[in-house]
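**Student:** Structure below; questions to follow.
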Number of protein chains: 2
Amino acid sequence: MAGPQELDSRIIKALRGRGYKATPQRIAICRFALYSHKHPTAQRIYSEVKKAYPTVSLATVYNTIQILKDIGLLQEVCLSRDETRFDPNMEPHAHLVCLQCSSISDWRSPLILEIMKNVATEAGFMPKGQNFDIFGLCKNCSKSHIAISPSTR
Amino acid sequence: MAGPQELDSRIIKALRGRGYKATPQRIAICRFALYSHKHPTAQRIYSEVKKAYPTVSLATVYNTIQILKDIGLLQEVCLSRDETRFDPNMEPHAHLVCLQCSSISDWRSPLILEIMKNVATEAGFMPKGQNFDIFGLCKNCSKSHIAISPSTR
DNA sequence: GTATATGCAAATGTTTTGCATCATG
DNA sequence: CATGATGCAAAACATTTGCATATAC
């Protein structure tokens with residue numbers, strides 16, 4: 001397991017390696033965006049970083065997000081017009097988005113890669129990336145759903 | 001094949017059946033949103049309908065889109081923050097989004113349903129809907145890509 | 001010391017809302 | 001003819017931009 005200071009030095013290395021300055025605000029933003037495992041929104045990152053740096057601006061948050069996208073460490077997950085989230089998991093995977101509690105969890109499946117292969121061989125489409133969102137009820141919420149309305153159909 | 005007037009009467013039936021009035025603007029909007037096969041944006045629908053109804057407003061377009069979503073004839077496809085499109089194909093399918101020519105085509109695959117089944121049995125997640133976008137180069141664009149830069153890697 | 005990043009405020013673009021007028025059923 | 005829809009303008013948001021000041025290297 002990587003400790004906090006080890007994560008920070010990874011971040012600093014990644015930024016400097018691409019010619020970006022490793023400012024404290026940027027490091028804090030990267031820490032949350034890359035390692036919080038929360039699929040955060042820009043606002044959420046902003047609120048979080050504000051605790052340590054009260055004068056930080058949304059412009060800086062967006063600027064840093066853009067850098068992370070450019071260097072391939074973060075991708076956008078656009079669930080709906082007003083629900084843009086960011087995801088540091090760059091491997092092909094699906095998001096299980098709970099319509100009740102709004103939780104988002106990652107789901108890895110070899111079938112995703114298989115679909116992308118099929119698309120290439122059968123449609124001549126050359127895939128570069130993907131975003132797969134599955135909307136429904138998570139394990140917890142579907143339990144309580146059954147408990148509350150057992151005869152719904 | 002359904003003729004234009006047959007499509008219109010389907011639309012009118014769908015609207016009235018749910019207690020909505022079938023105004024000419026609404027019919028024109030539905031016609032384009034449901035049958036143009038273009039995955040249009042709200043602006044695109046607006047421009048198109050403006051040709052026949054120059055005073056139509058974006059508010060009416062959004063209002064009608066909302067109705068179509070409510071009655072299950074249309075869904076949102078959020079490709080990125082400034083690329084919200086609408087899709088009348090309510091069957092599970094993927095979108096092949098070309099990064100070069102911006103074309104979007106539908107891709108049906110039984111593997112998508114299989115993934116949704118796996119998610120249910122293995123993660124206890126009860127899927128209600130999905131959105132799967134695959135970004136890359138379409139058949140045409142990948143051809144010209146190869147032609148222009150044969151040794152790229 | 002210099003180039004770059006920050007934070008603020010203003011601008012942008014999409015979607016939503018309020019309301020008086022108008023058209024559908 | 002009553003209810004609900006339209007079109008306009010203004011409001012609400014997230015995101016981007018411009019610029020003077022501050023900071024990293």
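Computed from the coordinates by the stated procedures, all read-outs in this text should not be read as laboratory data. Predicted model only: the values in this text are computed from it and were never measured. Cβ atoms come from the backbone with ideal geometry, glycine included; neighbour counts cover every protein chain shown.
**Student:** Per DSSP helix of 4 or more residues, -39500 (n - 2.57); summed, then divided by the residues of chain A. What does that give at 222 nm, rounded to the nearest 500?
**Tutor:** Value at 222 nm, helices only: -15000 deg cm²/dmol.
**Student:** Something else: Arrange the following residues from fewest to most other Cβ atoms within 10 Å of their Cβ: A:Thr64, A:Thr121.
**Tutor:** A:Thr121, A:Thr64
**Student:** Please find the FRET efficiency linking A:Lys21 to B:Lys21, where r is the Cβ-Cβ separation and R0 is fixed at 51 Å, and quote it to the nearest 0.05.
**Tutor:** It comes out at approximately 0.30.
**Student:** Further, regarding this structure: Inside 10 Å of the C-beta atoms of A:73-79, what's the mean count of C-beta atoms belonging to other chains?
**Tutor:** Average per residue, whole number: 3.
**Student:** Moving on. Pop out the ³J(HN,Hα) list for region A:125-131 in order, Karplus 6.51 cos²θ - 1.76 cosθ + 1.60 with θ = phi - 60°, rounded to Hz; leave Gly and Pro as x.
**Tutor:** Working through the residues one at a time gives 9, 9, x, 10, x, 8, 9 Hz.
**Student:** Could you size up the charge dipole of region A:19-66 around its Cα centre, putting +1 on the beta carbon of Lys and Arg and -1 on that of Asp and Glu, and report it in debye to the nearest 20?
**Tutor:** Using Cβ point charges on Lys, Arg, Asp and Glu, region A:19-66 gives about 60 debye.
**Student:** For the peptides B:128-135, A:79-86, what is the packing order when you average, over each peptide's residues, the other Cβ atoms within 10 Å and list the highest mean first?
**Tutor:** B:128-135, A:79-86
**Student:** Please work out the Cα center distance from region B:1-69 to region B:95-135, rounded to the nearest Å.
**Tutor:** 27 Å
**Student:** Count, for each residue of B:84-94, the Cβ atoms from other chains sitting within 10 Å of its Cβ, then give me the mean as a whole number.
**Tutor:** Partner-chain Cβ atoms within 10 Å, mean over residues of B:84-94: 1.
**Student:** Continuing with this model, one more query. Averaged over peptide A:103-110, how many Cβ atoms belonging to another chain are found within 10 Å of each residue's Cβ?
**Tutor:** Other-chain Cβ atoms within 10 Å of each residue's Cβ, averaged: 2.
**Student:** Let me ask something additional. Rounded to the nearest 10 degrees, what's the angle between the helix A:42-52 long axis and the longest principal axis of chain A, both from Cα atoms, 0 to 90?
**Tutor:** For helix A:42-52, the angle is close to 40 degrees.
**Student:** Sort region B:63-111 into rounded, prolate or oblate with this rule: let a ≥ b ≥ c be the square roots of the eigenvalues of the Cα gyration tensor; rounded if a/c is under 1.5, and if a/c is not under 1.5, prolate when a/b is larger than b/c, oblate otherwise.
**Tutor:** Judged from the Cα gyration tensor, region B:63-111 comes out oblate (a/c at least 1.5, b/c at or above a/b).
**Student:** Pull out a ≥ b ≥ c, the square roots of the eigenvalues of the alpha-carbon gyration tensor of the protein assembly as shown, then state rounded if a/c is under 1.5, prolate if not and a/b is larger than b/c, and oblate in the remaining case.
**Tutor:** prolate
**Student:** Tell me, what ³J(HN,Hα) does each residue in region B:57-67 have, in order and in whole Hz, if you take phi through Karplus 6.51 cos²θ - 1.76 cosθ + 1.60 with θ = phi - 60° and put x for Gly and Pro?
**Tutor:** 10, 4, 4, 5, 4, 5, 4, 5, 4, 4, 4
**Student:** Rounded, prolate or oblate, given the Cα gyration tensor of region A:1-65, with a/c below 1.5 counting as rounded?
**Tutor:** Here region A:1-65 falls in the oblate category.
**Student:** Treat chain B as a sphere of radius equal to its Kirkwood radius over Cα pairs and apply Stokes-Einstein at 25 °C in a medium of 0.890 mPa s; give the translational diffusion coefficient in µm²/s, rounded to a whole number.
**Tutor:** Estimated via Stokes-Einstein, D reaches 139 µm²/s.
**Student:** Next up: What are the ³J(HN,Hα) couplings of region A:78-88, residue after residue, when phi is run through the Karplus curve with 6.51, -1.76, 1.60 and θ = phi - 60°? Round to Hz, x for glycine and proline.
**Tutor:** Result, ordered by residue: 9, 7, 7, 3, 10, 8, 8, 10, 10, 9, x Hz.
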